[in-house]
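Trainee: A single structure is presented below for examination.
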Amino acid sequence: MLVVAYILETNEQQAKKRAKRRCRVRKIFSKRAQHGAFANLIGEMRLWDEDKYYNYFRMSSVQFDDLLHLVGPQLQKNDQFRTDMLSPAERLSITLRYLAIGDHMISMSYLHRVGKSTVSAVIKETCKELWLCLKDITLKFPSQNEWLAIAEDFEQQWHFPNCIGALDGKHVVITASPHSGSSFYNYKGSHSVGFLECLPWEKSFIKEK
C-alpha cells in the first residue's frame with residue numbers, strides 16, 4: 001500500500017510540473033506586442049513601403065483591410081482571462097504570409113513571437129473562415145445564361161466556338177505526410193497536390209457581379 005501511495009503521489013507531482021510547464025509563456029513570446037512582426041515590420045511597411053507590403057502579403061493594404069472586414073468578426077476570440085489573445089488582423093496576417101510563401105511553422109513562430117502550435121491552429125482556423133466567407137463570392141457557379149455569355153466571348157475574342165473555359169493546372173509542392181507512400185508523388189520528383197482551374201477568355205475567376 002505504501003508503494004502504491006508513493007507512486008500515485010509521484011505521478012501527481014509530475015502531472016503538476018507538466019501542467020506548469022505548459023502554462024508558462026516563453027519570455028520571447030511575451031514580448032510579441034512590442035517586438036513581433038505585426039507590431040513592427042508589418043506596421044512599418046504599411047506606413048512607409050506599400051510595394052514591400054504587397055510583396056509580403058501578395059495584396060495591398062486596402063485589399064487586406066477589405067478582407068479583414070469580411071472575415072474579422074469570425075476570427076475574434078473572447079477570453080476574459082487572457083490579455084495576450086491574437087487580434088483578427090494578426091491572425092489574418094499570419095495566415096496570408098503562410099499562404100504567400102509556404103514558410104515553415106517554426107519560422108512563422110519566431111517571426112510573430114507565438115508558439116508553433118498556435119501558428120498551426122491559427123492558419124487552420126483562418127483558412128476555414130476564409131473559405132466560408134469567400135466561397136460564394138470568388139467561386140460562384142455560373143448560371144446557364146452566364147455559360148452562354150462566356151462561350152460567346154470566347155468565340156468573339158479567340159474565334160473559338162462552343163468553348164466555356166480554358167483549363168490549366170499547377171503542382172503545389174507539399175511536404176509528404178508520414179506513411180503516405182507515393183500518394184502525392186509526382187513525375188517532377190516532388191510531392192504535390194494538383195490545382196486545376198477553368199477560366200473565361202480574359203483569364204480571371206468568375207465573380208459575383
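Trainee: Normalized C-alpha radius of gyration of segment 140-199, against 2.2 N^0.38 Å? Display every interim value, and only then the final one.
Mentor: Values: Rg = 17.5 Å, N = 60, 2.2 N^0.38 = 10.4 Å.
Compactness ratio reported: 1.68.
Trainee: Residue 89 label point, 7 Å along Cα→Cβ, cut-off 19 Å on backbone N: hits in segment 127-156?
Mentor: none
Since every read-out is calculated from the coordinates, none of them should be taken as a lab result. Remember, predicted model here, so these are calculated numbers, not experimental data. Don't worry about glycine lacking a Cβ; one is built from the backbone with ideal geometry, like all the others, and counts go over all protein chains shown.
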